[in-house]
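All of the numbers you see were taken from the coordinates with simple rules; none came from a lab. Since the structure is predicted, the reported quantities are computational estimates derived from the model, not experimental observations. Heads up, the Cβs are rebuilt from the backbone with ideal geometry, glycines too, and the neighbour counts pull from every protein chain shown.
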Amino acid sequence: MSTWTARRFWTAATAVPVESGFTVHLDARPVRTPLKAALVLPTLALAEAVAAEWQAQEKTVNPETMPFTRTANSAIDTVMPQFAAVADMLAEYGGSDLLCYRAEGPAALVARQAQSWDPLLDWARDDLGAPLRQATGVMHVAQPEPSLAALRTHVHAMSAYQLAAFHDLVAISGSLVLALAVARGRISADEAWTMSRVDEDWQISLWGEDDEAAEAAARKRAALLQADRFYALCG
């Protein structure tokens with residue numbers, strides 16, 4: 001990436017309108033992706049968020065502090081050239097969705113899963129046109145093909161920018177239904193995180209949690225919330 005230098009050279013990072021959307025200028029120099037494509041973003045709000053990351057850099061550039069920029073780069077360099085493949089990969093989560101696999105026991109965990117997950121499966125049936133079968137244990141259960149087709153349609157309807165963020169919503173939560181519920185405003189990203197952790201939180205309530213696992217969970221939660229923010233700024 002021609003503008004991704006180890007040291008800061010610019011005075012001001014600003015969002016600038018261009019013919020097909022918005023970009024970011026470092027002084028007068030347009031930002032480009034790692035593959036040297038133009039960094040064109042769909043909304044002013046998203047361009048301003050990316051510009052703010054660049055403006056916040058100090059003497060040296062730290063990509064780890066620039067999640068909006070990283071996701072935008074992924075949308076342009078990775079998702080756009082292979083949109084159908086990425087969308088299909090994410091849609092495949094519907095065939096083994098976390099919410100469909102229930103514990104055999106104890107009864108309290110079974111009840112907790114049902115209370116947390118059943119309303120989302122009802123929503124998938126009623127609003128997404130995708131009724132999904134449940135299974136007890138870890139044995140795979142085949143889902144109805146019309147339901148999988150409906151879920152694929154919803155995923156393919158996203159833009160490349162949305163899909164780049166949606167990837168993290170799905171991969172981190174382990175659930176296509178939870179990710180779609182966040183994307184469509186049915187639940188918040190924080191609620192999705194809690195729902196995705198029903199089993200883990202049950203185990204923690206019994207045995208406690210070590211510091212390393214807690215730190216890893218905190219990083220994943222932060223990434224999920226960040227993906228939700230990016231998705232919302234896509235317009």
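Are there trypsin sites (Lys or Arg not before Pro) in region 116-163 that DSSP marks as loop and that have at most 16 other Cβ atoms within 10 Å, and which are they? List each step's numbers first, then the result.
Working: sites: Arg125, Arg133, Arg152; in loops: Arg133.
The qualifying sites are Arg133.
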Checklist entry - So which residue, out of Leu206, Leu178, Leu44, gets the largest mean-square fluctuation from a GNM of the chain using Cα contacts under 10 Å as springs? => result Leu206
Checklist outcome for this item: Neighbour-count ranking for Glu19, Glu191, Glu145 (other C-beta within 10 angstrom, fewest to most) reads Glu19, Glu145, Glu191
Checklist entry - Does anyone have the angle between helix 211-233 and the longest principal axis of the chain? Alpha-carbon axes, 0 to 90°, nearest 10? => result 70
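Could you pull out the trypsin sites (Lys or Arg not before Pro) across region 154-223 that fall in loop regions by DSSP (anything but H, G, I, E, B) with no more than 14 other Cβ atoms inside 10 Å?
On the way: sites: Arg184, Arg186, Arg197, Arg219, Lys220, Arg221; in loops: Arg184, Arg186, Arg197.
Passing sites in region 154-223 are Arg184.
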Checklist outcome for this item: What the 10 Å binned alpha carbon P(r) of region 1-62 shows, as percent of pairs per bin from 0, is 25, 58, 17, 0
Item to check | Convex hull of Cα atoms in region 82-233, direction-averaged projection (nm²) | outcome: 9.0
Checklist entry - So how tilted is helix 145-156 from the main axis of the chain? Cα-based, degrees 0 to 90, rounded to 10. => result 20
Checklist entry - Which of Pro81, Pro106, Pro144 moves the most in a Gaussian network model of the chain with Cα springs under 10 Å? => result Pro106
Checklist outcome for this item: When Trp202, Trp207, Trp117 are ranked with the fewest other C-beta atoms within 10 Å first, the list becomes Trp207, Trp202, Trp117
Next on the checklist: Compute the angle between helix 44-56 and the longest alpha-carbon principal axis of the chain, please, reported from 0 to 90 degrees and rounded to the nearest 10.
Outcome noted: 70
